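What follows is one structure encoded as structure tokens, with my remarks underneath.
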Amino acid sequence: MTDHSERHTVDLSTEPPHLYGRFRRDPLMRGLTGIRKVWFPFWGALSRVRDGAADDGILTLDVIDREVVAHDENVIALTFAAPDRSVLPAWFPGAHLDLLLPSGRMREYSLCGDPGDRRSYRIAVRRIPDGGGGSIEVHDGIRVGDSIQIKGPRNAFPLVLPGFGSPARRLRFVAAGIGITPILPMLALADRYGLDWTMVYCGRSADSIPFIDELRRYGDRVTVRTDDVDGLPTMPDLVGPCPDADAGLALYCCGPVPMLEALRTHLADRDDIELHFERFSPPPIENGTEFTLRIASTGQTQTVAADESVLTALARVDPAVPYSCRQGFCGTCRLTTVDGDVDHRDSLLTDPEREAGWFLPCVSRCHSDTLTVDL
Ligand code: FES
């Protein structure tokens, strides 16, 4: 008697008998099984690598160029590429990278190269001696040939082109100092599309502003104003010629907070002008009140003044407290609260995350007298 059940208990790692019932193994199935035996374990391992990379979103790139791009030598441009020089994730003007520095700091830098170049990324960094240490680490610690870990690109300052999603008819770019970095690729794109655009570029002095040589190719579309020669710019200097109504203008601006706030106020009742901006420092704190910050693990307390962030108060306790954007959109500074009536002011966390106690100390505050955080 033949036991037909045996066939159904055959180990799936062996190929089945001949497709047409012969006793010899079917050559086609033997070939397919062989491919599966070799390929599946390899594919599984490859998938884990691929999924891991997608999960943490971190890329390790080579530093392939380092160039001083301001005459005072305080701004450097760094160019990165994949170790095998393969194609990198695409980006659009206004995007930035998160740099994961060897010290553990994470810092965001706008991409300022050519988005059409899919094999390299370029950023620029101004040395800030009295900052949080990130720019010093980049200037003094990163050299051509080093590896650097990045996340991104991400875009919180997208350029919407007239005729391609924006009703504006012309573009005005306003950059101050290192604020030129997200604007540079916008200029290149506007130029490539043949759009009507102008730019004003401000800074303390001609020596301090980066990429001045690179801008020469745009001729008189770009106006350079420096405080030492021209004095501080007025709002009409920044906005440019602007009829009383129906200006059809989209303004893209990157610079210090006081300049951006002045522009916002100046254009508050101009519905015919789009204002898009990116700050490179935290926004001013509005309607802040003083409260006490308590650290659950140690019981230490700090007073958070009405005009300072919880992050600033935390940094007095732990100078290495992580942060990046300081504007409530990157999540680097995230921690968990234990007690207190939280005043969430970020644009990142979801309701379930807030209900779970997540908190962004760079912008969010507290309605109660004391806020206890899980540190
Ligand atoms: S530092 Fe980016 S969200 Fe706080």
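Just so you know, all these numbers are worked out from the coordinates, no wet-lab data involved. The model shown is predicted, which means the values in this text are computed figures rather than measured ones. Note that we place each Cβ from the backbone using ideal geometry, even for glycine, and neighbour counts take in every protein chain shown.
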Please give the charge dipole size of segment 138-284, origin at the Cα centre, charges +1 on K and R Cβ atoms and -1 on D and E Cβ atoms. Round to the nearest 20 debye. 480
In nm, give the distance between the simple-model label positions of GLU290 and ASP271, each being 7 Å from the Cα along the Cα-to-Cβ direction. 4.3
If you restrict to DSSP beta bridges whose two residues both lie in the chain, what percentage is antiparallel, to the nearest 5? 55
Find which of VAL160, GLY113, ILE183 sits farthest along the positive direction of the dipole of the chain, computed with +1 on the beta-carbon of Lys and Arg, -1 on that of Asp and Glu, about the Cα centre. GLY113
With labels modelled as points extended 7 Å from the Cα through the Cβ direction, what inter-label distance (nm, one decimal) is found for ARG192 paired with ALA245? 3.8
Scan the chain and note any complete DSSP helix (H) whose C-alpha atoms cover at least 30 Å along its axis and whose Kyte-Doolittle average is -1.0 or more. 27-56
How do 360-367, 58-65, 90-97 rank on mean C-beta neighbours within 10 Å, highest first? 360-367, 90-97, 58-65
Check: C-alpha center segment 226-283 vs C-alpha center segment 157-182, spacing in Å is 12
Could you point to the residue in TRP358, SER324, THR298 farthest towards the positive end of segment 291-374's charge dipole, with +1 and -1 charges on the Cβ of Lys/Arg and Asp/Glu respectively? SER324
With no solvent and one equal point scatterer per Cα, compute the Debye intensity ratio I(q)/I(0) for segment 54-155 at 0.24 Å⁻¹ and report its log10, rounded to two decimals. -1.49
Measuring from its Cα centre, segment 198-282 shows a charge dipole (+1 at each Lys and Arg Cβ, -1 at each Asp and Glu Cβ) which, in debye to the nearest 20, is 240
Given PRO241, TRP91, MET259, which one lies farthest toward the positive end of the charge dipole of the chain, if we put +1 on the Cβ of every Lys and Arg and -1 on the Cβ of every Asp and Glu? TRP91
I'd like the Karplus ³J(HN,Hα) series for segment 353-367: coefficients 6.51, -1.76, 1.60, θ = phi - 60°, whole numbers in Hz, and an x wherever there's a Gly or Pro. 5, 5, 5, 7, x, 5, 7, 10, x, 6, 10, 7, 9, 8, 7
I'd like to compare 248-255, 316-323: which one has the highest average count of other Cβ atoms within 10 Å, and what's the full order after that? 248-255, 316-323
What dipole magnitude, in Debye to the nearest 20, does segment 54-155 give about its Cα centre under +1 on Lys/Arg Cβ and -1 on Asp/Glu Cβ? 160
Segment 291-374: antiparallel DSSP beta bridges as a percent of all, rounded to 5: 70
Could you give the length gained on full extension between ASP339 and SER297, defined as 0.36 nm per residue of separation minus the Cα-Cα distance, in nm? 13.8 nm
Computed helical MRE - 222 nm, the chain, DSSP H runs ≥ 4 contributing -39500 (n - 2.57), nearest 500: -6500 deg cm²/dmol
